[in-house]
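See below for the structure under consideration.
The values are calculated or read from the model by the stated rules, or taken from the named source; none is laboratory data. The shown structure was predicted, so the numbers you read here are calculated from the model rather than taken from an experiment. Using ideal geometry, Cβ is built from the backbone for each residue, glycine included, and neighbour counts are taken over all protein chains shown. Calculation scope for accessible area: heavy atoms of the full protein, side chains included, ligands and nucleic acids excluded. Shrake-Rupley method; radii C 1.70, N 1.55, O 1.52, S 1.80 Å.
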Amino acid sequence: MNRNLIIAICLIFCLVATILYRTYNKPHKDLSDIPADFKISASDWLKEFEQNEESAQTKYLNKIVRVQGVLTEIQQVDQKIIWIIETGNPLANVQCEMDPRFIDLTKNISTGTTIDVQGICSGKLMDIVMNQAVVVGR
């Protein structure tokens, strides 16, 4: 084969590998600096899902949502910190997987506190699920 062709193929391979590596290891957005698409209380949010789940999924899925409610539980599952926000319905809550970069800022927050949390809505299973959640308004 032509030597220049082999060099060109190697360069293209290296470029593609670099792009894939950087894309895979790209850090998440800092949601504390981005305005929310929606601001809602935890109980009102659950009511929207209960009234028309399909419409609520379409409206909120993969959107940044700022939700206010009472923190009822803090769970640690492996390396993840999950906050449970009360909705008024004992069968469904808002489950927030906290962004690990900001965990140190949340150590002074205890259960029973009314909080504002902002994150990306992942939809509703039993609970409404939010990822990359950060505390806002403090």
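Filtering Lys29, Lys47 for residues that are part of a loop (DSSP other than H, G, I, E, B) and either basic (Lys, Arg) or within 16 Å of the chain's Cα centre (by Cα) (or both) leaves a single hit, Lys29.
Tallying residues that are modelled with pLDDT of 90 or more and aromatic (Phe, Trp, Tyr) within the range 13-32 yields 1.
Does the range 57-66 include one or more residues that are at pLDDT 90 or above, part of a helix (DSSP H, G or I), open to solvent by 90 Å² or more (accessible area, probe 1.4 Å) and not β-branched (Val, Ile, Thr)?
no
One residue is enough: does the range 80-99 have a residue meeting the conditions assigned to a loop (DSSP other than H, G, I, E, B), polar (S, T, N, Q) and open to solvent by 10 Å² or more (accessible area, probe 1.4 Å)? No, every residue in the range 80-99 fails to be assigned to a loop (DSSP other than H, G, I, E, B), polar (S, T, N, Q) and open to solvent by 10 Å² or more (accessible area, probe 1.4 Å). Here the range 12-26 is the region considered, the condition is being open to solvent by 100 Å² or more (accessible area, probe 1.4 Å) and assigned to a helix (DSSP H, G or I), and the residue that is nearest to Asp99 (Cα to Cα) is Tyr24.
So which residues in the range 53-75 are among the acidic types (Asp, Glu) and free of Cβ contacts under 8 Å to residues at least 12 places away in the same chain, if there are any at all? Before you say what the answer is, go through the steps one by one.
Applying the first criterion (among the acidic types (Asp, Glu)) to the range 53-75 yields 53-54, 73.
Residue satisfying the conditions is Glu54 alone.
Of all residues in the range 29-54, those satisfying the criterion of being open to solvent by 80 Å² or more (accessible area, probe 1.4 Å), closer than 19 Å to Asp116 by Cβ and in contact with a strand residue (DSSP E or B) (Cβ under 9 Å, 6 or more places away or on another chain) are Lys29, Pro35, Asp37, Lys39, Lys47. Restricted to the range 100-126, and to residues there that are open to solvent by 30 Å² or more (accessible area, probe 1.4 Å) and in a strand (DSSP E or B), the residue that is farthest from Gln57 (Cα to Cα) is Thr114. Restricting the first member to the range 126-138 and to residues that are of a type in the set (S, T, N, Q) and at pLDDT 85 or above, and the second to residues that are surrounded by 19 or more Cβ atoms within 10 Å (Cβ to Cβ) and not in a strand (DSSP E or B), the beta-carbon pairs closer than 6 Å and six or more apart or on different chains are Gln132/Leu31; Gln132/Asp99.
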